[in-house]
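**Student:** For reference, the structure I am asking about is given below.
The values are calculated or read from the model by the stated rules, or taken from the named source; none is laboratory data. Since this is a predicted model, take the numbers as computed values, not measurements. Because the Cβ atoms are built from the backbone with ideal geometry, glycine has one as well, and the counts that use them run over all protein chains shown. Side chains are part of the model used for accessible areas, which takes the heavy atoms of the whole protein and leaves out ligands, DNA and RNA. Shrake-Rupley method; radii C 1.70, N 1.55, O 1.52, S 1.80 Å.
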Amino acid sequence: MNKILSIVAIALLVSIFGFQPTPKAEDPKVLIDLGKKGAEVPASLYGVFFEEINHAGEGGLYAEMIRNRAFEDKEVPTGYSVVNGELVPPAVKNHLSGRIEKNTFKWEKETIPAWTINSKGEGASIQTTKTQPLDPSTPNNLLVKINSASTPAIVTNTGFWGIATQNGAEYLLRFYTRSDNYNGAITARIVGSDNTIIASQNVTSTANGKWKEHKLILVANASQSKAHFELVFEKSGNVYIDYVSLFPKNTYKGRENGLRNDVATFLSDLKPAFIRWPGGCIVEGITVSNRVEWKKTLGDPMKRSGVYDTWGYRNSYGFGYNEFLQYCEDIGAKGMFVCNVGLGCQYRMGDACSDQDVDFYVKDVLDALEYAIGGTNTVWGAKRAKAGHPAPYPLQYVEIGNEQWGALYNKRFDIFYKAIKSKYPQLTLISNHGLGKGVKSVTKTDMIDPHWYVGPDFFFKNHNLFDNIPREDYKIYVGEYACNQRVGGGNMLAALSEAAFISGMERNSDLVKMASYAPLFANKNNREWPVNLIWIDNDKVVGRSSYYVQQLFASNRPSYNVSTQLQQPKLDKPIPLKGEGGIGLGSWITQNEYKDLKITTADGNVITPDMSVGNGWIIPKGDWKNTSSGILSQSSLESMAAAYLKGKSFNNFELEVKARKTGGDEGFFVMFGMNETQQTGYAFNIGGWGNTQTTLQIIEEGVTSEAVAPFVKQEIKNNQWYTIKVIVKESVAQLYVDGQLIINYLPTPAPRQFVISGYDEKNNELIIKFTNASSEPYRAQLKIDNAKQVESKGVAITLAANSLKDENSFEEPLKIAPKQSSFDGFSNDFSYTFAANSFTVLRVKVRM
Ligand code: AHR
């Protein structure tokens with residue numbers, strides 16, 4: 001009780017008076033040495049990753065207010081079909097497994113998304129048609145049939161889950177009509193959720209069978225958040241309508257076909273050094289044929305085909321290549337273009353274009369670069385000039401492919417790297433390789449791009465991951481990372497685990513030159529991905545606590561790091577291992593064989609399971625056969641091939657098995673502690689990460705996820721039998737390979753405090769960034785060495801939450817937001833109490 005009272009008292013004193021107690025000998029120490037310079041922190045470090053996922057652009061950053069404006073949202077991609085409400089791609093050969101891949105994907109459910117008709121009487125109807133298209137690239141239009149009994153017929157668009165208006169603001173409406181028999185007025189209006197008319201204007205339709213463009217300005221007489229758009233027909237007749245587009249006049253920087261002011265401003269407040277576009281998986285497409293095609297994103301938005309994209313809805317291509325480049329320029333960010341290398345998404349269908357067709361994709365990226373930075377005397381540079389921008393755009397980076405791996409990718413990477421580098425040596429080229437040895441298979445890359453979507457423990461444990469990565473002749477761009485497991489919609493625990501990980505990136509920014517959180521946006525009405533940085537509704541933008549962590553790092557970037565050590569009591573209390581459950585064998589894009597499986601239970605019972613495929617094994621994935629008696633063989637190159645012993649659960653046991661790799665990229669998996677549905681548990685991953693590392697991983701949703709044990713270097717040779725032994729007890733899991741102890745995993749609580757500091761040469765300031773991911777305030781003694789003078793007055797910027805489970809929301813958007821206060825207690829040796837559940841930036845002027 002006394003302890004609680006004193007914690008509360010300290011917290012009160014800190015928050016009211018900025019008071020900090022005098023240092024105590026037992027306090028943890030932060031030792032900062034300004035004389036020991038660390039890595040320089042490049043301006044490129046903090047950027048953003050944009051992808052059309054979760055309606056990030058459509059109904060997000062892109063200011064268009066009409067959803068399904070061109071009636072193309074249900075256009076089935078060429079070669080695809082819709083069966084039982086699911087999208088079915090063509091059967092294609094997966095270039096990794098060699099198999100003909102069959103799969104289904106999400107298909108839009110609404111009949112004519114966002115559009116409905118209502119009328120007084122019977123008989124008015126709407127239907128999409130392909131009759132006399134307005135433009136060949138957008139074949140669909142909407143036929144409105146009205147008979148005299150049904151007038152007025154009202155065709156409604158709900159917008160992107162509502163249309164938001166501002167009293168007095170102007171909205172630019174553009175739409176097309178065509179009719180053979182409707183002569184008369186059509187009213188275009190914005191109507192409030194209370195049915196009041198917010199803005200209204202008439203246009204006239206002439207029955208001459210020709211498309212007619214209407215352009216109007218609607219001025220809102222009220223501010224409403226959930227209004228909708230209507231076209232009202234007072235007469236009978238058949239009217240075709242197409243490309244109904246409504247934009248606020250006040251877009252970001254007033255750009256035509258521009259961005260939502262609130263969203264674009266909120267994003268630019270992150271001060272991103274670069275923007276990546278167009279993704280993400282959408283670069284690759286479900287199959288190559290439905291990849292994003294940047295050339296189709298140029299020019300008049302009415303003529304842009306759009307694409308039904310990987311994430312289950314149509315991308316209108318409204319926020320296209322030119323809009324992306326323009327936005328980069330507008331906010332002083334560099335552009336990063338991600339190109340397709342003739343490969344479809346390897347997590348989906350894994351198809352590949354033929355070797356002969358690779359030139360097409362090489363030319364395509366060279367054209368894209370010419371468009372962005374080529375002279376106006378070049379074909380594509382001239383198109384940029386014609387679009388109103390003769391000067392080059394600030395494009396600096398090209399990522400060659402997205403999340404691709406394997407021999408074919410490596411071969412293609414070399415071709416693309418050479419072609420791009422020889423024409424544009426000034427650009428930085430990035431490969432998709434992770435931290436393993438895979439990158440050794442390409443001739444040269446400037447940067448690699450590892451991705452992490454993990455739980456908080458991974459980031460806490462790996463706060464020092466980059467301290468130990470050997471420096472090679474390439475740098476690292478952490479292109480996608482987020483704590484998105486077991487953290488609700490993205491709580492403070494997630495944000496603080498990211499802060500710990502980012503601290504490690506910043507400390508190692510001689511190696512990690514760039515990083516971008518992913519995904520960036522989620523529209524609250526249509527979220528595909530569990531946790532995203534920024535929430536959007538049609539009239540609001542909310543930053544999660546992770547947003548503010550990103551912002552605090554980017555706006556408190558020092559010129560260089562200085563040596564900073566946290567000395568704190570060791571946390572060594574063991575915590576129990578959840579090792580009880582089923583066991584299994586498996587692999588990741590590797591073929592292998594297993595035999596002589598033996599399990600010894602705690603009471604000395606020895607079980608030698610039957611290795612025949614049949615009743616004894618559950619096989620969720622992989623091609624498992626008995627090639628000879630007693631040998632269980634897996635011959636596919638799938639990720640996460642797995643076979644689990646049926647109906648058996650073990651606790652405190654020893655498992656031994658012989659394993660041999662016969663092909664593929666990695667080594668073996670041995671799973672244990674699996675739940676009944678084989679969704680959660682553990683896997684020893686032996687020779688993972690391109691056959692370079694062994695560790696223990698958590699399994700979530702049936703797939704290996706974060707590593708919980710340290711990584712140990714290991715390579716598994718082909719066609720060699722290894723003896724693998726796994727021992728699982730109350731609070732330890734051990735792995736032996738050929739008698740040698742490789743992993744000795746004792747689950748222990750990881751530290752929850754992390755600190756880095758650096759010097760800002762421009763402002764002569766020491767910047768200290770401290771993460772306290774524990775639910776108690778944390779008092780530390782901070783000692784600053786090799787500073788002639790430390791001013792006593794500086795600032796403290798604190799991002800804190802009442803609980804690690806707290807999240808920002810539309811109701812409480814600033815529940816967790818940075819608060820700046822002055823702090824008058826800095827010196828060479830001072831105490832500071834970091835708030836519970838907090839990330840704190842301290843800035844103070846120092847003379848050296
Ligand atoms: O960020 C979401 C997705 O995660 C990206 O599209 C892809 O690159 C990764 O798998």
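**Student:** Of the numbered conditions (1) free of Cβ contacts under 8 Å to residues at least 60 places away in the same chain; (2) within 16 Å of the ligand (Cβ to nearest atom), S516 fails exactly one; give the number of that condition.
**Tutor:** Looking at each condition in turn, S516 falls short on (1).
**Student:** With the requirement that a residue be within 16 Å of the ligand (Cβ to nearest atom) and either of a type in the set (D, E) or open to solvent by less than 10 Å² (accessible area, probe 1.4 Å) (or both), what does the range 289-305 give you?
**Tutor:** Initially, the range 289-305 is screened for residues within 16 Å of the ligand (Cβ to nearest atom), giving 290-292.
Of everything in the range 289-305, just one residue is within 16 Å of the ligand (Cβ to nearest atom) and either of a type in the set (D, E) or open to solvent by less than 10 Å² (accessible area, probe 1.4 Å) (or both), namely N290.
**Student:** I would also like to ask the following. Would you be able to say whether some residue in the range 819-839 is open to solvent by 70 Å² or more (accessible area, probe 1.4 Å) and not in a strand (DSSP E or B)?
**Tutor:** Here is the first cut: in the range 819-839, the ones open to solvent by 70 Å² or more (accessible area, probe 1.4 Å) are 819-820, 822, 824.
Add one more test, that the residue is not in a strand (DSSP E or B), and what stays is 824.
Looking for residues that are open to solvent by 70 Å² or more (accessible area, probe 1.4 Å) and not in a strand (DSSP E or B), one finds at least one in the range 819-839, hence yes.
**Student:** Evaluate the range 221-232: report whether one residue or more is farther than 25 Å from S125 by Cβ, part of a strand (DSSP E or B) and either open to solvent by less than 70 Å² (accessible area, probe 1.4 Å) or polar (S, T, N, Q) (or both).
**Tutor:** Initially, the range 221-232 is screened for residues farther than 25 Å from S125 by Cβ, giving 221-226.
Imposing the further condition that a residue be part of a strand (DSSP E or B) reduces the set to 224-226.
Checking which are either open to solvent by less than 70 Å² (accessible area, probe 1.4 Å) or polar (S, T, N, Q) (or both) leaves us with 224-225.
So far as the range 221-232 goes, yes, one or more of its residues are farther than 25 Å from S125 by Cβ, part of a strand (DSSP E or B) and either open to solvent by less than 70 Å² (accessible area, probe 1.4 Å) or polar (S, T, N, Q) (or both).
Quick grid of which residues meet (1) in the same structural domain as G332 (by TED's automatic domain parsing); (2) aliphatic (A, V, I, L, M); (3) modelled with pLDDT of 95 or more:
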| site | (1), (2), (3) |
| --- | --- |
| D194 | no, no, yes |
| Q201 | no, no, yes |
| W211 | no, no, yes |
| L218 | no, yes, yes |
| E230 | no, no, yes |
| E234 | no, no, no |
| N238 | no, no, yes |
| I275 | yes, yes, yes |
| I282 | yes, yes, yes |
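**Student:** Another question, then. If you take the residues in the range 657-708 that are in contact with a helix residue (DSSP H, G or I) (Cβ under 9 Å, 6 or more places away or on another chain) and assigned to a loop (DSSP other than H, G, I, E, B), which one is most open to solvent (accessible area, probe 1.4 Å)?
**Tutor:** Out of the qualifying residues, it is D665.
**Student:** Go through the range 46-146 and tell me which strands (runs of 3 or more DSSP E), entirely inside it, have 3 or more residues that are in contact (Cβ under 8 Å) with a residue 24 or more places away in the chain, out of contact with any Phe, Trp or Tyr (no Cβ under 7 Å at 6 or more places or on another chain) and surrounded by 14 or more Cβ atoms within 10 Å (Cβ to Cβ). Steps first, please.
**Tutor:** Numbers: elements: 46-49, 81-83, 86-88, 115-119, 125-129, 141-146.
In the range 46-146, the matching strands (runs of 3 or more DSSP E) lie at 115-119.
**Student:** Limited to the range 384-397, what total is found for residues that are in contact (Cβ under 8 Å) with a residue 40 or more places away in the chain and either within 16 Å of the ligand (Cβ to nearest atom) or surrounded by fewer than 19 Cβ atoms within 10 Å (Cβ to Cβ) (or both)? Step through it out loud before you land on a result.
**Tutor:** Initially, the range 384-397 is screened for residues in contact (Cβ under 8 Å) with a residue 40 or more places away in the chain, giving 384, 387, 389, 393-397.
Next cut, either within 16 Å of the ligand (Cβ to nearest atom) or surrounded by fewer than 19 Cβ atoms within 10 Å (Cβ to Cβ) (or both) only: 387, 389, 394, 397.
So the count comes out to 4.
**Student:** Would you confirm, using the coordinates I've provided, whether R178 is basic (K, R) and either open to solvent by 40 Å² or more (accessible area, probe 1.4 Å) or at pLDDT below 95 (or both)? Working first, answer last.
**Tutor:** Working: basic (K, R): yes; either open to solvent by 40 Å² or more (accessible area, probe 1.4 Å) or at pLDDT below 95 (or both): no.
Answer is no for this residue.
**Student:** Still on this structure, I have one more. Mind listing whichever residues of the range 268-288 are among the aliphatic types (A, V, I, L, M) and more than 16 Å from the ligand (Cβ to nearest atom)?
**Tutor:** If we filter the range 268-288 for residues that are among the aliphatic types (A, V, I, L, M), which is where we start, we get 270, 273, 275, 282-283, 286, 288.
L270, A273, listed by residue number.
**Student:** Something else now. For the range 474-486, give me the residue count where each residue is at negative phi, more than 16 Å from the ligand (Cβ to nearest atom) and out of contact with any Lys or Arg (no Cβ under 6 Å at 6 or more places or on another chain).
**Tutor:** 2
**Student:** Tally the residues that are exposed (fewer than 15 other Cβ atoms within 10 Å of the Cβ), of a type in the set (V, I, T) and over 18 Å from R660 (Cα atoms), restricting the search to the range 602-631.
**Tutor:** Final tally of qualifying residues: 3.
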